[in-house]
Amino acid sequence: MAVDSPKGVIIAAVFLHAATTIVCGSDSVLKLERLIPPSHELSLAQLRAFDSARHGRLLQSPVGGVVDFPVYGASDPFLVGLYYTKVKFGTPPREFNVQIDTGSDVLWVSCTPCNGCPKTSELQIQLSFFDPGASSSSSMVSCSDRRCYSNFQTESGCSPNNLCSYSFKYGDGSGTSGYYISDFMSFDTVITRTLAINSSAPFVFGCSNLQTGDLQRPRRAVDGIFGLGQGRLSVISQLATQGLAPRVFSHCLKGDKSGGGVMVLGQIKRPDTVYTPLVPSQPHYNVNLQSIAVNNQILPIDPSVFTIATGDGTIIDTGTTLAYLPDEAYVPFVQAISSAVSQYGRAVTYESYQCFDITSGAVDVFPEVSLNFAGGASMVLTPRGYLQMFSSSGSSIWCIGFQRMSHRRITILGDLVLKDKVVVYDLVRQRIGWAEYDCSLEVNVSATRGGRSKDVISTGQWRENISQISYTSDYYYLLQVVFLINILLSWNFRFL
């Protein structure tokens, strides 16, 4: 056949014939075996998806998909009490379990050696330690690097050996310190509901060599923190700056005992999503909480207790398990709930929780709670949205998950109220939205970059369909082979 045959003929030849031979001059023979059985067919939509992925790599441009991170863990403090994801760093990639935290900016992992880092975890996960020397692509961030001083919340400094060091303190008194590393982060980009490709990007993260407080305890030990704040070194900021993700991310955290959920860099689209503005120029995701209602009755709380004018305001934080109210709001809140259920059981105290021993054990005797925000957005909490249940001597005890913040005027809305909802963090429009949702179902995600919008079904459920991923990867590899064939043909080899 002539050397200048069009690409369409070449691709057809590879798909239609079980084996094809390329003769290079008179000596070298390359035999191509068919990767796809004749009984399998490739739809036009799948071909377009593969072309999109291939073109992205050929042109060194972002693939038109949605960056997806798996979600594990659960909100119940008596079981797990946190949500975490998996992320890979280095060459070759090594996997780490890191807590999802919208309340901090830095992604850090435990490194070797580490002082105070736990060696085991009661979450039934194997703890890992990053070794910079074992990754061929890692490099230290020096003190002169502009990235060394680019965060809201970390206290960056310079170590004696010119490494950019950091120290971070969390609200519970725990802390971590170490130095910054630059290496490749590997992650999944979902193209369609059955196709995801592995991507990687240079990323700066913390290498922790000291941990204190609760971070040292095995009970909820993980490998580090997945910082999703607004600082320039957060996950969303770094990937968005490289054009790999929009400046929008979403999560849907399952509230049942099995836990898990969805987290994507993009906007989960729900028609019933309501939004409230972010308070500008704040390091955290601060919002304006204006009132709390119990059984549709607004509680007698001065709205100023929820604002940054008189304290730290109201913060949405996935790194917090429960929810916290200042004294001025906590007391009337608990009183209103106690009054509503007084005829159905008795009030009891369990550890620091205000609880109720309900005779029938039914949760539906508790009132509905509404958190009302600026812009007319309300977060309606069913009883399971603010209560925690545990059994004692055969009876069901229901405890209010909101805790009293006596030493600090701050309201923190943690996993307790964020679970079983789609929550969207729109950093472009500076707003946060939410909608009630069953987080075990599919979600429709919109990822807009460079003015272009891409809609894709992304739930993490494609991870459970390994046969489809493996099957489609064969096709992807086949397209790479076809590309190489065309290069050979352009060098005046003969195609037989």
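The values are calculated or read from the model by the stated rules, or taken from the named source; none is laboratory data. Predicted model only: the values in this text are computed from it and were never measured. Heads up, the Cβs are rebuilt from the backbone with ideal geometry, glycines too, and the neighbour counts pull from every protein chain shown. Calculation scope for accessible area: heavy atoms of the full protein, side chains included, ligands and nucleic acids excluded. Shrake-Rupley method; radii C 1.70, N 1.55, O 1.52, S 1.80 Å.
Points worth noting:
- Segment 66-245 - accessible surface per residue (Å², probe 1.4 Å): 38 Å²
- Restraint check, Lys169/Lys421; Lys169/Lys269; Lys86/Lys419; Lys86/Lys119; Lys119/Lys257; Lys88/Lys257, Cα-Cα greater than 23 Å: Lys169/Lys421; Lys169/Lys269; Lys119/Lys257; Lys88/Lys257
- In Å², nearest 10: area of Glu368 left accessible to a 1.4 Å probe: 90 Å²
- Centre separation in Å (Cα based) which lies between segment 350-407 and segment 411-436: 19 Å
- FRET E, pair Ser167, Gln282, Förster distance 30 Å, beta-carbon r, rounded to 0.05: 0.90
- Sequence of Val348, Val369 when ordered by accessible area, the most exposed leading, probe 1.4 angstrom: Val348, Val369
- Length-normalised contact order of segment 66-245 in % [C-alpha pairs under 8 Å, at least 6 apart]: 32 percent
- Ser342 accessible area, 1.4 Å probe, all protein chains in place, Å² to nearest 10: 80 Å²
- Rounded, prolate or oblate (a/c below 1.5 giving rounded, otherwise prolate when a/b exceeds b/c) for segment 66-245 by Cα gyration tensor: rounded
- With all protein chains modelled, accessible area of His284 [1.4 Å, Å²]: 50 Å²
- Averaging Cα coordinates gives a centre for segment 243-310 and one for segment 324-340; these two points are 21 Å apart.
- The accessible surface of segment 66-245, taken with every protein chain in place and a 1.4 Å probe, is 49 percent carbon and sulfur.
- Ordering Tyr386, Tyr324, Tyr344 by accessible surface, largest first, gives Tyr344, Tyr324, Tyr386; the 1.4 Å probe counts only protein heavy atoms, with every chain in place.
- Across segment 349-410, the volume of the C-alpha convex hull divided among the residues equals 84 Å³ per residue.
- The DSSP beta bridges internal to segment 268-448 are antiparallel in roughly 85% of cases.
- Ranking by accessible area, most exposed first, for Phe184, Phe129 with a 1.4 Å probe: Phe184, Phe129
- Computed in the context of the full set of protein chains, the accessible area of segment 268-448 at 1.4 Å probe radius has 47% of its extent on carbon or sulfur.
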